[in-house]
Amino acid sequence: MSGVVLVYSLFGSAEQARAVARTLVEERLAACANILGPCTSIYEWQGKVEEGAEVPILFKTSADRRDALMARVAQLHDYDVPAILALPVDAAHPPFAAWVAEQLA
């Protein structure tokens, strides 16, 4: 294992995505946040099929900060039930993994 973890979430606007990403980097819960291009999500909510634009983010963090980052995303998120998923990283370029660790120290 590389020690690096990706945490994925979706936000309802680019502005909220940017604000949450900046907060988590400033708080050293994430070394980096990649705000991806808007996507279309189709899902059922409260018995009705919905379709809407969302903005995905990939947060790069460490295994020991993962749970704190996920809790903070949930706290800052404006959705009732936000998608917050941790994805293990099997391998990472060693200098990048070292940089992530350094940013979170």
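The values are calculated or read from the model by the stated rules, or taken from the named source; none is laboratory data. Note that the structure is predicted; figures quoted are calculated from it, not measured. With ideal geometry, Cβ positions are generated from the backbone for all residues, glycine too; neighbour counts draw on all protein chains shown. Just the protein is used for accessible areas: all its heavy atoms, side chains included, with ligands, DNA and RNA removed. Shrake-Rupley method; radii C 1.70, N 1.55, O 1.52, S 1.80 Å.
Is it the case, given these coordinates, that Glu51 is at negative phi, touching a strand residue (DSSP E or B) at 6+ places or on another chain (Cβ under 6 Å) and among the acidic types (Asp, Glu)?
The answer is yes for Glu51.
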Inset, instruction - Report whether or not Val49 is out of contact with any Asp or Glu (no Cβ under 7 Å at 6 or more places or on another chain) and at pLDDT below 95. - result: no
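Out of Arg18, Arg65, Arg28, Arg72, which single residue is on the phi > 0 side of the Ramachandran plot, open to solvent by 50 Å² or more (accessible area, probe 1.4 Å) and in contact (Cβ under 8 Å) with a residue 12 or more places away in the chain? Spell out the reasoning first.
Values: Arg18 fails: on the phi > 0 side of the Ramachandran plot; Arg65 fails: on the phi > 0 side of the Ramachandran plot; Arg72 fails: on the phi > 0 side of the Ramachandran plot.
Every option except Arg28 fails the conditions.
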Inset, instruction - List the number of the failed condition for Leu85; all other conditions in (1) crowded, with 16+ Cβ neighbours inside 10 Å; (2) under 10 Å from the mean Cα position of the chain (by Cα) hold. - result: (1)
Inset, instruction - Inspect the stretch 57-74 for any residue being touching a Cys at 6+ places or on another chain (Cβ under 6 Å), at pLDDT 95 or above and closer than 19 Å to Thr23 by Cβ and give the result as yes or no. - result: yes
Inset, instruction - Say whether the condition of being in contact with a Phe, Trp or Tyr (Cβ under 7 Å, 6 or more places away or on another chain) and closer than 12 Å to Leu29 by Cβ is met by at least one residue in the stretch 81-103. - result: no
